[in-house]
Structures are given as C-alpha cells and as structure tokens.
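Colleague: Below is a structure I'd like to ask you about.
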Amino acid sequence: MSTALPVLKSSDFTSDQDIRWCPGCGDYAILAQMKKVLPEIGVPPEKTVFISGIGCSSRFPYYINSYGVHSIHGRAPALATGLRVTRPDLSVWVITGDGDALSIGGNHFIHCLRRNLDVNVILFNNRIYGLTKGQYSPTSFSGQVTKSTPMGAVDHPLNPMMVAVGAEATFIARSVDSNIKHLAYTLKRAAAHKGTSFVEVYQNCNVFNDGAWAYAQDKATRDDTTIELEHGKPMIFGKDRDRGIRLNGLTPEIVDLSTSGVKEDDLLFHDERGDAMHAFLLARMRRPDFPEPIGVFRDIQRETFDEGMRFQAQSAIEKKGRGDLQKLFSGGDTWKVA
Amino acid sequence: MSIETKSLETTKPVQNVSGITVRLCGDSGDGMQLLGTQLTNTSALAGNDIATFPDFPAEIRAPRGTRAGVSGFQVQFASHEVHTPGDTLDALVAMNPAALVTNLADLRKGGLLIVNEDSFDDRDLKLAKLKTCPLEDPSMENYRLVKVAMTRLTKEAVAEFGLGVKEADRCKNFFAMGLVYWLYGRGMDATLRFIHGKFAAGSPVVAKANEKALQAGWSFGETIEALGHSYQVDAAELPAGHYRNMMGNQAMAWGLLAASHRSKKDIFYASYPITPASDILHEMVKFKNYGVMTFQAEDEIAAVCSAIGAAYGGQMAVTTSSGPGIALKGEAMGLAVMLELPLLIINVQRGGPSTGLPTKTEQSDLLQVMFGRNGEAPIPVIAAQSPGDCFNVIQDAWMLATQLMSPVIVLSDGYIANGSEPWAIPDVSRMTPIKVEHPGPKTDDNPFLPYSRNELLARPWAIPGTEGLMHRVGGLEKEDGTGNISYDPDNHQKMTNIRAQKVENAAKLLPPQQVYGPQNGELLVLSWGGTYGACLTAVQRAQRDGRSVSHVHLRYLNPMPSNLGEILSHFDKVLMPELNLGQLRMLVRSKYLVDAIGLNKMKGKPFTVGEVYEKICEHSTISATPAARPQIVKVG
C-alpha cells in the first residue's frame, strides 16, 4: 500500500457552481490562478477555507471546492479570526474588495493586519463598486466621475499599501490580474508566509471602470509604468531596463541609467525584510510620478495572533492543570445548610 | 497564610429580627461597592438568604462630594426567603451629605441613620448643593440618627501605621464596615481574609491599617451609648445543600463553563467592553485552562462575526453585549440565522435608548432582540430571572442552539448582572450531557446536503476539515437541501417557513410553563426577566391577604411555552409588570388576544415589591379569608 499523498489537481478545487461574474471580468483570471496554485500549495480542499464579505469579489468562495463562507459586508477578517484561532489545522483565505476591505470593513482590515492573524487576505482592487453598479470606491481617484459622483469624487483616495504598512502588516504584496505568472507567484508567496499575508491585486472591472489599471496591464506600457520588485536587487525598470530608483535623502527619485552616469550600485536595493520605512516608500510610489511597484513589498516574521492565543491556553493548562469544574464551584467562601 | 482572628462577642443586648434591609452609600471613590459586597458575602456565609442591589453612577470617579457621584449598595438579608433587595430601608449608612440627601427618602420612619459627621462641613454641604446642614433639620427626629466622626476616628485608629492623609482616609469604609458588622452581629473573619488577600502582598501596611479600621469600627459600636443593642438575623431555612454567594454575571460565565463541559465543546468567547456586560468577560479570562479562548474584538461587529467564524469551525461560540452593542451586531445575527449555526448572544440590558443609562437596569431590549434584524430572522430568546438563574438559562440556551442549529439570545439585565443571591452548588458529576454531533467523512458518492433537515428541522453541523463535506454557506438565500444560492420564489417561501418553524420547535425541547398559585382565578401576574423577585414577593403578599392572584414568570420568550395561551384563558385579568413601556405585553396581546394590563416603570431601577403589590390590589379583590385559603404549593 502506498503512503504517498494523493497529488492534487486544479480540478480538485473546482466547485460545481455556475460562475456569475460578467464576461471579461478580471476576477476570472484571479480565480484561474488561485485554482492553479492551490494544488501546488498542497493543502487538501477539506482543510482549506475561503471567507469573503460582500461585493463581486466576495462571490469567490462559491467557485472553489473547499469550505467557504460568503459572509456580510466588510466582516470577512472578523469571521476568519474566530475560525483561525480555534482551528490551527486549517488554511484560511480572505477574499475582499476595495469597498469591502477599505470602506465598510476598514476597521477589521487594520486589526487583522496589526494582530498578524495567520490568514491570506487577497484584495481585488477595481477602484469602483461593481455589484451595486458603479458608485465610486475609497480607491477611486480624486475627481473620478461615477454614478454617485457626477461632478467627480471629492475624496482623496486611500492607498491600501500605506494602510498595510501603517498597520505593520508582516507580508505586503501587489500583483495584477492579467499578469498571470506574477499573480500565481505572489499567491504562492502569500500562502507560504506565516502571519497575515496581504495582497492587493489590480483587477479590471470591464463594465463600470474599464481600463482603470490599463497602464499596469498593457504589455506595451507596463514595463515603464510598473517596477517589478526583486529582493536584494537594485530597483530598475523600463522596457530597456534603463531607468532606476535612487534615494535622495528620504525621497526616491528616478534616474536615467544610460545618461546620468549613476551606477546600479547607487540605486535603491529592494529589501523585503527591511525597515517599514522602505515598504512605506514603495507604497508612496504612484503614477504618474513613479512606476508602481509590483511584487512583495515586505515579508517579515512576527508572532502570529493565533499562535499567541494558543500559547496562552497551553501555558494556563501547564501552570494550573486542566480546570476542574467541581473544584471551581465548591471553592472559596461557601456554607452548608443541613 | 495565617490571620489572627478574634471571635468578638458583643456584651450589649441582642435583638432577634427576621430580616434587615440596609443601604450603604457614599462617594463613588469611597469603596461602597466593596463594603456592600463584603457585607453580602458575610451575611451569606452566616446562612441568611440575601438579595442585593448595587447602584452606582456611570462615571468612574464623578466629582467628589456631589450628588451625581453617589454610589450605593443595598442588601436585604433575612432568616426567611427573600427575592428582592427590599423596598424600604431599616438602616442607612451615609458617608457624606450628598449620599444622605439622595437616599434618605427610602429610609423608613424610625429607621437607623448612621452618618459620617466629619463630612458635614461647609465644603461638603456646598458640594452637595445644600444651604443648611440636613442633620439639624427637624425631620431628623423621624430617624434614629447616630453621628459618627468616622474620618477622625479612622485617622486615630490607623495613626500607628504612619500612612499619608489620603491613605488613612481611605480606610474609613472599613471602619464603617466594622460598625455595621457589630450592628448585625457579623463575623469579621471572611473580610479579614479578603483584606489579607487583596492588600497583604502589595502593601502590608495598608492591609494592617484596614484590619485595624475594621476592628475599630466594631469596637466603636460596642462602646457608644447611642447604639444600645445590636441585631441578630438567624440563618435562613434554605433547602439542604452546599451554597455560595453568586452574582449574575459570574453565574453567566460559570453557566457557560457548565454548558461547555456538558457538550464537550471548547468555548470561543468574543466580546467588546460594554457596561454592564464586561464582568462576564473579566470572569471568562480566568478560565483559559478550562478550554476557554477569549477574544476582545476591535468592535461589537467583529465580536459577533468572529464568534460566527468559530461556530463554523465547530466551537461553542459566545458573544456578549448590552443594547447598543446588540444593535451593532444585528446584521451578523441575521447572518447566523441564515448560516444556521449555533451561537450564544448574551444581552445584559441597561437603560436606553442610545447610550442611555449604562449602569442602570431596564427591560427595554425585548423587542430589539425579537425583531431587530432585517428580514424574517427569528431567534429563540430566553431571559434569566435572578442572578443565580443565569447559570441555568445559558445552559438551556446552548442546548437549544445545538439541537436547533440556531443562534440563541439570552437576556439578562443590570440588576441581575450585579445583584447576588445564595446559589446551591451543583454536583457536576450529575449534569446531563448536551449531545453535539458533527457528520464524519463522506463514504459514498451521494452529494452532501448541508441544508438537509432532521425532525426538529436542524441542519447538520459539518465542520471544515471533514473529508468530502466541503460546502459553502453565506448570507444569500439558499436552496433547500443543497444550500446553493437560490432566487426561486417558492424556495424563499419554503426556507422562510422552515426558519420560523425551527424556532417554534424549541418549545418541544422546553418544559411547559408552571403557575405559582391556583391555576385559575381573578388575576394573573405575568412577568419575565429580572422582575421575578419583586413580582413573586408581591403575589405572595397578595395571596396572604386572600386575593385571587397567581403568578407566571416566563423564562422562554421566543417561542413562548406551548401551554401559555391555555393558562392565560383561565384568568379574568392579566397584569404585566415590565421595566419598559409594555414590550412583552404587546407580544402577548397580539399572540393571545388578551387585554393585558401594564405596570410600566422607566426609572433605571427595579420594581419595589410595594409597587407591584399596589397594582395587584387595584385589580383584585379579597375573595377568601387568609386562613381559609388552601395551602399554595410552589412549583417550578
């Protein structure tokens, strides 16, 4: 009898549900990559749980053959907390969107990150409310005209990466729906990290906000508009890899490697395990002033919330022994009536 | 640990009385709650039946000496059964002018009034907004006024320990305690043990000073001429057993442990701090070695949602709050209804609306917990009737939650939560199990149906990690059986009916309603929750008068007991006392078409027995001479 574990296939994670996203939606690409990497991660479907909130992205759990909860708006990290701390044997994924995680669920999002709960949070950022048909979201750009902002959004947009750095998340990454190889790699990295893994995915809503990330998706432009992060490597970008990021004091600046005489060694080197300041600086790099970093911004180790909770439970038992209910009830000041 | 305790015996005459109601009041920083708790414990240990009513402001340290800052603790201890902290006071201890003027109205004529006369100076009178000293008022002749220079006497008593002025002054609540202990013949051993445990390690000098102040207070009582005799309250004739003093919030926590033990389920307890529910959290954190995991969430919504997540994973999931927090949890409670997962939601009610009266009691969240969710989202509701009863209702709730696969709401209130009474210690080995089952790995090719039903309409509690049972649940309407998303009109009708019927099925798991007193008659007093003691005592008094009145106290509010309609039909009138504007009355009137009469109070205080008794008299006649009445048998 063979004791080898069965090899998992993508089809093992395919549920029997009809997918109801709009044709052409970026969510399909993310689903496909997720189903591709889940077998490679090696956690069987029955040990995998997907928890989502509300929104287009949050339909995701229905389409994966695992355990799943499609919960209420913004609250997926809270549900995941209760499940993860009590069930260390499970692999828990949180699927959320820009409205779900950053608007109605902002509180749970930051507390999940700062606690370092061992879950993977994948934020599908399409900079719009899709399921409610086209209102602006907290990541919509200032001045964006939408169904609820005919004169343009007054709000300054929220930068999810800066929120993640501010909450001292231990794993922060960004990828793009159409960049499938990079996306698959990023999801795997997220799964491998112990603690909250936060991944922002640039996701196109082709119905209500088509082309919001075109610059990052289009093969013709993306080398110039994004910069792929590589740990320990100098930050170089451009189709001809002729431009780099150099630090001028605390401020990053773009330098032309072909004309300025600046050498690669003078550039900013990416360090996933560096100070939060480094990740913050990357988070601040936005279009049109800078190419936007794609990849793992930060990957550090810190005790996870679930580990801490379980450690306390274990040490309480080690110190006091397993609780005896009768002793508790009968202890302290009591009296007898004959 | 060894403490030298002297068995102090008074040499003055002792008057035997059947019960005493005393209130201790002073500044919220004066340690009145501690004084009250100690007197309660000591009286319980003396074998008295007890009922307590702590009453304190929401502010932690309201401005010193002001009326707003007055904190009080009332306790009734008796040699007979008591169910309330008492209506009028036999004795009032007032530590300052503000405490005196805000509490004097409750002291009976001829009652004992002990004041700290050192506090009746110009400054404290001014803080209490008094132009003249109330101690010189002619109305003082109505009371047995004993003026005690507590500040000065305490200072002198503890002088040998070299404490600072403030520290020495802080000992005066123990001086007052010693005096009260002398007055009621209470042993000091338990309180000396308490002082030792609380102060000895951190500050041995403070421990010694407090012990000395306690003893000085006792000796003062023994010495002064103004107190000619002390009182003796004999042990009450409680049913045989082993007892301890129990507060409501503590009973709730211990009941959770018992339910966990009976169902062999570890607890995930998620909460956000809120008065008056936080003490349940404070109690639960002590039990990590009992399989309890506590989670102080970032907000009320996270608390309930994390509990739902834990329930999905197979834990005994609990969340607690008070009205404002329950409002925030509303949407998630609807999710729990839709997911059909067992979940306990405890609401320790307080005065509302909005922030309302955080430290005061009220029963005004009944309709909120019945209906405060979008859609048809029925949830069973059970209400505790007394501090000790919290231990029972929470176990009933967990039994219902697991047998029906449903969230269950337990109502307590500020009065029950902070009140205390003697509690018969149960025999853990005789507790019956609560059976909880999870389906095992799938062994055949048939599809797993997460929304299939048993005879109670409960669905299977399949938990992650089980091979072959992968399924998705969510807030969208589900297809019967498969649990798949369904927008089918007939399916929605069917699922709505199933969810309603499932909650109705709870009545099959619960005992029928009992009636206290005759099964038929002129008047039925129908009550629920924390008003139990006042209603029962008022009914007993009216029954002794020869009035045709019976009492039904509801613990199960949704669904109501299956025989309630039948019971109601046997009485001419139904009187419903509630600390709201008639919320249960609205439900009873609509469900049973009974023209129930309300007795409604919204003062942040529990009913007095007198208030209920008066209303009973208004709606009943004396139909039998007291002697001729048959013996009333207590049931339930």
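Colleague: Here are some conditions: (1) at pLDDT below 95; (2) assigned by TED's automatic domain parsing to the domain that holds B:Lys288. B:Thr223 meets all but one. Which one does it not meet?
Modeller: B:Thr223 satisfies all of (1) at pLDDT below 95; (2) assigned by TED's automatic domain parsing to the domain that holds B:Lys288 except (2).
Colleague: Now for a separate question. Would you be able to say whether some residue in the range B:298-306 is touching a residue at least 40 places away in the same chain (Cβ under 8 Å), at the interface with another protein chain (Cβ under 10 Å from one of its Cβ atoms), touching a strand residue (DSSP E or B) at 6+ places or on another chain (Cβ under 6 Å) and β-branched (Val, Ile, Thr)?
Modeller: Taking every residue of the range B:298-306 in turn, at least one turns out to be touching a residue at least 40 places away in the same chain (Cβ under 8 Å), at the interface with another protein chain (Cβ under 10 Å from one of its Cβ atoms), touching a strand residue (DSSP E or B) at 6+ places or on another chain (Cβ under 6 Å) and β-branched (Val, Ile, Thr).
To keep it simple, each residue is scored yes or no on (1) surrounded by fewer than 18 Cβ atoms within 10 Å (Cβ to Cβ); (2) not polar (S, T, N, Q).
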| residue | (1), (2) |
| --- | --- |
| A:Arg115 | no, yes |
| A:Ile122 | no, yes |
| A:Lys133 | yes, yes |
| A:Ser178 | no, no |
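Colleague: Also, quick follow-up: Could you list, in sequence order, the residues of the range B:471-500 that are more than 18 Å from B:Gly375 (Cβ to Cβ), in contact (Cβ under 8 Å) with a residue 12 or more places away in the chain and within 11 Å of chain A (Cβ to nearest Cβ)?
Modeller: So in the range B:471-500, the residues more than 18 Å from B:Gly375 (Cβ to Cβ) come out as B:471-472, B:481-482, B:484.
Imposing the further condition that a residue be in contact (Cβ under 8 Å) with a residue 12 or more places away in the chain reduces the set to B:471, B:481-482.
The answer is B:His471, B:Thr482.
Colleague: Restricting the range A:314-338 to residues that are acidic (Asp, Glu) and surrounded by 13 or more Cβ atoms within 10 Å (Cβ to Cβ), which is nearest to the other protein chains (Cβ to nearest Cβ)?
Modeller: Filtering the range A:314-338 for residues acidic (Asp, Glu) gives A:318, A:324, A:333.
Still in the running and surrounded by 13 or more Cβ atoms within 10 Å (Cβ to Cβ): A:324, A:333.
Values: A:Asp324: 8, A:Asp333: 6 Å.
Going through the qualifying residues, I end up with A:Asp333.
Colleague: Mind checking whether some residue in the range B:522-536 is surrounded by fewer than 19 Cβ atoms within 10 Å (Cβ to Cβ), touching a residue at least 12 places away in the same chain (Cβ under 8 Å), of a type outside the set (A, V, I, L, M) and more than 30 Å from B:Phe53 (Cα to Cα)?
Modeller: First, the residues of the range B:522-536 that are surrounded by fewer than 19 Cβ atoms within 10 Å (Cβ to Cβ): B:522.
From what's left, touching a residue at least 12 places away in the same chain (Cβ under 8 Å): B:522.
Adding the requirement that they be of a type outside the set (A, V, I, L, M) leaves B:522.
Next cut, more than 30 Å from B:Phe53 (Cα to Cα) only: B:522.
Yes, the range B:522-536 contains a residue that is surrounded by fewer than 19 Cβ atoms within 10 Å (Cβ to Cβ), touching a residue at least 12 places away in the same chain (Cβ under 8 Å), of a type outside the set (A, V, I, L, M) and more than 30 Å from B:Phe53 (Cα to Cα).
Colleague: Test each condition in (1) buried (at least 24 other Cβ atoms within 10 Å of the Cβ); (2) in contact with a Gly (Cβ under 6 Å, 6 or more places away or on another chain); (3) within 21 Å of B:Val609 (Cβ to Cβ); (4) in contact (Cβ under 8 Å) with a residue 60 or more places away in the chain for B:Met95 and report the one that comes out false.
Modeller: (3)
Colleague: Considering B:Arg170, B:Arg123, which residue is among the charged types (D, E, K, R), touching a Gly at 6+ places or on another chain (Cβ under 8 Å) and farther than 21 Å from B:Thr191 by Cβ?
Modeller: B:Arg123 is the lone residue from the list that is among the charged types (D, E, K, R), touching a Gly at 6+ places or on another chain (Cβ under 8 Å) and farther than 21 Å from B:Thr191 by Cβ.
Colleague: As an exercise: evaluate A:Phe297 against (1) part of a strand (DSSP E or B); (2) more than 25 Å from A:Thr196 (Cβ to Cβ); (3) assigned by TED's automatic domain parsing to the domain that holds A:His193 and give the number of the one condition it does not meet.
Modeller: Checking A:Phe297 against (1) part of a strand (DSSP E or B); (2) more than 25 Å from A:Thr196 (Cβ to Cβ); (3) assigned by TED's automatic domain parsing to the domain that holds A:His193, the one that fails is (2).
Colleague: Does any residue of the range A:269-279 turn out to be surrounded by 20 or more Cβ atoms within 10 Å (Cβ to Cβ) and not in a loop (DSSP other than H, G, I, E, B)?
Modeller: The answer is yes; a qualifying residue exists.
Colleague: Going through the range B:293-312 one residue at a time, which ones are of a type in the set (Val, Ile, Thr), crowded, with 24+ Cβ neighbours inside 10 Å and over 15 Å from B:Arg373 (Cα atoms)?
Modeller: Within the range B:293-312, B:Ile308 is the sole residue that qualifies.
Colleague: I'm trying to understand the selection: among the residues of the range B:425-478, which are closer than 30 Å to B:Glu331 by Cα and β-branched (Val, Ile, Thr)? Talk me through it step by step, then tell me what you get.
Modeller: At the first step, the residues of the range B:425-478 found to be closer than 30 Å to B:Glu331 by Cα are B:434-439, B:448-466, B:469-478.
Hits for the range B:425-478 are B:Ile434, B:Val436, B:Ile463, B:Thr466, B:Val473.
Colleague: Restricted to the range A:91-101, and to residues that are crowded, with 24+ Cβ neighbours inside 10 Å and either assigned to a helix (DSSP H, G or I) or polar (S, T, N, Q) (or both), which residue is farthest from the other protein chains (Cβ to nearest Cβ)?
Modeller: A:Asp98
Colleague: Moving to a separate point now. Hey, any hits in the range A:54-61 for a residue that's surrounded by fewer than 24 Cβ atoms within 10 Å (Cβ to Cβ) and either assigned by TED's automatic domain parsing to the domain that holds A:Pro157 or not in a loop (DSSP other than H, G, I, E, B) (or both)?
Modeller: Of all residues in the range A:54-61, those surrounded by fewer than 24 Cβ atoms within 10 Å (Cβ to Cβ) come to A:59.
Restricting the remaining residues to those that are either assigned by TED's automatic domain parsing to the domain that holds A:Pro157 or not in a loop (DSSP other than H, G, I, E, B) (or both) gives A:59.
Within the range A:54-61, one or more residues are surrounded by fewer than 24 Cβ atoms within 10 Å (Cβ to Cβ) and either assigned by TED's automatic domain parsing to the domain that holds A:Pro157 or not in a loop (DSSP other than H, G, I, E, B) (or both).
Colleague: In addition: Among the residues of the range A:29-40, is any touching a Cys at 6+ places or on another chain (Cβ under 9 Å), at pLDDT 95 or above and within 14 Å of chain B (Cβ to nearest Cβ)?
Modeller: No: zero hits.
Colleague: Here's a follow-up. Taking A:Gly195, is it farther than 30 Å from A:Thr132 by Cα, assigned by TED's automatic domain parsing to the domain that holds A:Phe141, surrounded by 22 or more Cβ atoms within 10 Å (Cβ to Cβ) and of a type in the set (Gly, Ala, Ser)?
Modeller: Yes, satisfied.
Colleague: Just to be sure before I move on: is B:Pro464 loosely packed, with under 14 Cβ neighbours inside 10 Å and either under 30 Å from B:Leu510 (Cα atoms) or modelled with pLDDT of 95 or more (or both) in the structure I sent?
Modeller: The answer is no for B:Pro464.
Colleague: Name the single residue that is nearest to B:Gly36 (Cα to Cα) among those in the range B:408-430 being within 14 Å of another protein chain (Cβ to nearest Cβ) and in contact with a strand residue (DSSP E or B) (Cβ under 6 Å, 6 or more places away or on another chain).
Modeller: Ranking the candidates gives B:Ser420 first.
Colleague: Which pairs have Cβ atoms under 6 Å, sit 6 or more apart or on different chains, and link a residue in the range B:367-381 that is assigned by TED's automatic domain parsing to the domain that holds B:Glu340 to one that is of a type in the set (Ser, Thr, Tyr)?
Modeller: Partner pairs satisfying both residue conditions: B:Glu376/B:Thr496.
Colleague: Oh, and also: Restricting to the range B:313-335, and then to whatever is part of a helix (DSSP H, G or I) and at the interface with chain A (Cβ under 10 Å from one of its Cβ atoms), can you tell me which residue is surrounded by the most Cβ atoms within 10 Å (Cβ to Cβ)?
Modeller: Restricting to residues being part of a helix (DSSP H, G or I) and at the interface with chain A (Cβ under 10 Å from one of its Cβ atoms), the top hit is B:Ala332.
Colleague: Take A:Phe311 and decide whether it is in a helix (DSSP H, G or I), more than 10 Å from every other protein chain (Cβ to nearest Cβ) and at pLDDT 95 or above.
Modeller: Working: in a helix (DSSP H, G or I): yes; more than 10 Å from every other protein chain (Cβ to nearest Cβ): yes; at pLDDT 95 or above: yes.
Yes; evaluated as a whole, the condition is true for this residue.
Colleague: Need pairs with beta-carbon distance below 8 Å; first residue over 14 Å from B:Met560 (Cβ atoms) and within the range B:588-602, second small (Gly, Ala, Ser); sequence gap 6+ or separate chains.
Modeller: B:Gly598/B:Gly582; B:Asn600/B:Gly582; B:Met602/B:Gly351; B:Met602/B:Ser364
Colleague: Also, I was wondering about something else. Looking only at residues that are surrounded by 24 or more Cβ atoms within 10 Å (Cβ to Cβ) and more than 7 Å from chain B (Cβ to nearest Cβ) in the range A:64-83, which one is farthest from A:Cys112 (Cα to Cα)?
Modeller: A:Ile64
Colleague: Under 6 Å between Cβ atoms, at least 6 apart or on separate chains: pull out the pairs that start in the range B:433-461 with a residue that is surrounded by fewer than 16 Cβ atoms within 10 Å (Cβ to Cβ) and end on any residue that is part of a loop (DSSP other than H, G, I, E, B) and of a type in the set (D, E, K, R).
Modeller: B:Pro441/B:Glu467
Colleague: Regarding A:Asn116, is this residue on the phi > 0 side of the Ramachandran plot, of a type outside the set (Asp, Glu) and more than 8 Å from chain B (Cβ to nearest Cβ)?
Modeller: So A:Asn116 passes the test.
Colleague: Scan the helices (runs of 4 or more DSSP H) fully inside the range B:162-245 and keep the ones with 3 or more residues being of a type in the set (D, E, K, R).
Modeller: Passing ranges, in order: B:165-169, B:189-199, B:204-223.
Colleague: Right, here's the next one. Would you confirm, using the coordinates I've provided, whether B:Gln215 is polar (S, T, N, Q), crowded, with 16+ Cβ neighbours inside 10 Å and closer than 30 Å to B:Arg430 by Cα?
Modeller: No.
Colleague: Restricting to the range A:7-28, name every residue that is closer than 20 Å to A:Tyr67 by Cα and in contact (Cβ under 8 Å) with a residue 60 or more places away in the chain.
Modeller: Our first condition is that a residue be closer than 20 Å to A:Tyr67 by Cα; within the range A:7-28, this holds for A:7-20, A:27-28.
Result: A:Asp27, single match.
The values are calculated or read from the model by the stated rules, or taken from the named source; none is laboratory data. Just so it is clear, the model here is predicted, and its values are computed rather than measured. Note that each Cβ is placed from the backbone with ideal geometry, even for glycine, and that neighbours are counted across all protein chains shown.
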